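The values are calculated or read from the model by the stated rules, or taken from the named source; none is laboratory data. This one's a predicted model, so the numbers in the text were calculated from it and none came from an experiment. Virtual Cβ from ideal backbone geometry, glycine too; neighbours counted across all protein chains shown.
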Amino acid sequence: DAKTTQPTSMDCAEGRAANLPCNHSTISGNEYVYWYRQIHSQGPQYIIHGLKNNETNEMASLIITEDRKSSTLILPHATLRDTAVYYCIVRTPNFGNEKLTFGTGTRLTIIP
Amino acid sequence: DTEVTQTPKHLVMGMTNKKSLKCEQHMGHRAMYWYKQKAKKPPELMFVYSYEKLSINESVPSRFSPECPNSSLLNLHLHALQPEDSALYLCASRGTLRNTEAFFGQGTRLTVV
């Protein structure tokens, strides 16, 4: 699975959009970009994933660049409950021996 | 039911003890994972089971022994652990359809004394 690079930490004001970048320049053609978050001492929670096209669900939007070498997770109206560590993961869609490897993640702090 | 249930939530054990962590899911997922997470670090993969067979062992010491007795249950047997093995142990599961996400349990907080 390809390696990802994320900023160590970010702050965002409550109510504003939080934009979390991820670099995955070695991504392969069949690898998907997944985002998870982990609120303090809880298990990671799935947010969203995508291959080429931009995706949106009830939690967030995912913007993937045309060359697929980077992506941005957008939380449109951040709340205090969005304070967490956000992980960008790249993995193949195949079932079986995939590793789902976590990078260092971005610690997002929402400021009142 | 989209839950992965881990028990116990907290465990304190001595270095000579034998204990087991349990993970259960009823989503029909056929891939199950064990991760270890130290404070302020990302989860580190330990083991992957696929269709109840061990498919990945990330060079984990033999004092950690995984077991997958059926498609819903994953155990991690612990023996002769060291204090540095104290961590949050996370279990996850994933379905066989393409692009499905993994679901994580809330973890077992293990302290070795």
Check your understanding: With respect to B:S72, is the statement that it is over 26 Å from A:T104 (Cβ atoms), in contact with a strand residue (DSSP E or B) (Cβ under 8 Å, 6 or more places away or on another chain) and surrounded by 15 or more Cβ atoms within 10 Å (Cβ to Cβ) true?
Key -> yes
Qualifying residue in the range B:4-26 (condition: modelled with pLDDT under 95, closer than 19 Å to B:F104 by Cα and touching a strand residue (DSSP E or B) at 6+ places or on another chain (Cβ under 7 Å))
no
Here the qualifying pairs (Cβ atoms under 9 Å; residues six or more apart or on different chains; first in the range A:91-112 and surrounded by fewer than 16 Cβ atoms within 10 Å (Cβ to Cβ) and of a type in the set (K, R); second part of a loop (DSSP other than H, G, I, E, B) and at pLDDT 75 or above) come out as A:K99/B:E58
Result of the Cβ filter at 8 Å on the range B:87-105, keeping first residues that are farther than 30 Å from B:L11 by Cα and partners that are of a type in the set (S, T, N, Q) and modelled with pLDDT under 95, at least 6 apart or interchain, is B:R98/A:N94
B:E67 meets each of (1) surrounded by fewer than 16 Cβ atoms within 10 Å (Cβ to Cβ); (2) modelled with pLDDT under 95 with one exception, condition (2)
All-but-one check, A:R37 against (1) farther than 28 Å from B:C91 by Cβ; (2) at pLDDT 95 or above, failing number (1)
I'd like to know if the range A:1-10 contains one or more residues that are within 25 Å of B:E44 (Cβ to Cβ), more than 14 Å from chain B (Cβ to nearest Cβ) and either modelled with pLDDT of 95 or more or in contact with a helix residue (DSSP H, G or I) (Cβ under 9 Å, 6 or more places away or on another chain) (or both). yes
Residue set A:T104, A:T83; condition away from chain B (no Cβ under 11 Å) and either touching a Leu at 6+ places or on another chain (Cβ under 8 Å) or of a type outside the set (K, R) (or both); output residue A:T83
